[in-house]
Amino acid sequence: MHSASKSWLLLSGFVLFYIIYLLFGALVFSSIERPAEDELRRDTQRLKEAFLNQSCVSAATLELFLSRVLAANKHGVSVLRNSSSRSNWDLASSMFFANTLVTTVGYGHPTPLSDAGKAFSIAYALIGVPFTMLVLTACVQRIMQPLVLAPVGLLQRSGLKPRPATVVHFLLLLLAVVLCCFLAPAAVFSALEASWTFLDSVYFCFISLCTIGLGDFVPAARPGQPYRALYQVAVMVYLFIGLMMMYLLLRTFHKMADVHGLTTFFQLPRCEASLMDDDTEPIVGNDPTPPRPKDRPATKPLDPGSQPSYNSINKG
């Protein structure tokens with residue numbers, strides 16, 4: 001099998017195992033957290049009924065009721081009637097939570113209720129976060145050639161010198177990322193989320209792809225959201241592709257800094273190799289067999305009378 005085919009096959013295996021890992025996490029989170037969520041939902045409903053049955057409500061009782069309602073809402077359980085039937089730990093929602101956990105986006109809505117769920121979150125993230133970074137790095141390494149090296153070479157063949165070519169390419173790539181990963185998805189989110197403005201959607205895209213994840217805007221959290229499971233899966237795909245493009249953009253900027261001498265000026269490490277020599281040793285490698293050295297002619301014995309000198313060294 002050709003080395004490039006092996007590389008793409010290994011990358012496909014990485015992505016497939018990543019999806020299986022998310023499904024595994026979703027099943028475990030759903031089995032652990034859904035019973036705890038149901039219990040919290042019943043407690044909240046009983047609290048609501050007890051509060052409504054009181055003929056006279058004191059300030060202390062109101063404050064206690066509000067504090068417990070806000071605590072339940074923090075875990076995704078609401079006292080509102082139109083929100084009582086929707087679970088935050090079905091398979092799609094659990095997979096969405098697992099995805100935000102391993103990508104370090106972490107919206108914080110919902111959060112694990114049980115001690116077992118919190119302990120599993122730690123163990124799951126310890127493996128999932130570095131593995132996600134590995135998969136993203138491998139994907140970026142595979143798309144460096146068609147999206148970075150080939151366009152820069154095309155710009156150079158069109159007459160631009162290496163430094164202007166890298167600047168033009170970086171600006172074009174930045175424009176494409178802004179359009180495809182921020183503005184276009186923001187338009188979709190503002191259409192699907194009734195309470196989001198276009199600025200709110202751009203803000204959500206920026207917070208998500210920078211892995212800040214404040215949690216003030218969470219997709220598919222609206223009660224009665226149509227096709228909620230499909231919507232959450234689409235957001236997961238968007239997050240993965242968006243994070244991959246952000247990493248590609250940062251790596252391209254690093255390589256542009258190498259060409260312009262900025263990394264040397266600030267005494268920073270270079271981005272592996274030169275701009276035109278990338279992907280010589282990819283993570284999802286080509287053929288692991290090292291190249292065989294070329295046959296060299298047998299060296300002739302030195303003349304015993306010959307002595308090395310600085311002139312002979314310089315001529316060599």
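The values are calculated or read from the model by the stated rules, or taken from the named source; none is laboratory data. These numbers were taken from a predicted model, which means no experiment stands behind them. Heads up, the Cβs are rebuilt from the backbone with ideal geometry, glycines too, and the neighbour counts pull from every protein chain shown. For accessibility, only protein heavy atoms count, side chains too; no ligands or nucleic acids. Shrake-Rupley method; radii C 1.70, N 1.55, O 1.52, S 1.80 Å.
What's the ranking of 241-253, 2-14 by average number of surrounding C-beta atoms within 10 Å, highest first?
On the way: 241-253: 18.4, 2-14: 13.5.
Result, highest mean first: 241-253, 2-14.
Based on the mean of other Cβ atoms within 10 Å per residue, sort peptides 95-107, 20-32 so the most packed one is first.
Values: 95-107: 21.8, 20-32: 18.1.
The peptides rank, most packed first, as 95-107, 20-32.
Show me 259-269, 129-139 ranked by packing, highest mean number of other Cβ atoms within 10 Å first.
Working: 259-269: 11.5, 129-139: 17.1.
Those peptides, ordered most packed to least, come out 129-139, 259-269.
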### Task
Whole Å is fine, so just give me how far the alpha carbon centre of region 195-259 lies from that of region 14-68.
26
### Query
Hey, got the dipole for region 1-87? About the Cα centre, +1 on K and R Cβ, -1 on D and E Cβ, debye to the nearest 20?
180
### Query
Out of Thr111, Leu179, Gly213, whose Cα points farthest toward the positive end of the dipole of region 83-266 (charges: +1 Lys, Arg; -1 Asp, Glu; placed on Cβ)?
Leu179
### Task
Could you pull out the chymotrypsin sites (Phe, Trp or Tyr not before Pro) across region 168-235 that fall in loop regions by DSSP (anything but H, G, I, E, B) with no more than 13 other Cβ atoms inside 10 Å?
Tyr227
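Quick check for you: with a 1.4 Å probe and neighbouring chains kept, what is the accessible area per residue of region 75-142, in Å²?
On the way: 2620 Å² over 68 residues.
Here the per-residue accessible area is 39 Å².
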### Query
Which value, in debye to the nearest 20, gives the size of the charge dipole of region 83-266 about its Cα centre, when Lys and Arg are +1 and Asp and Glu are -1 at the Cβ?
560
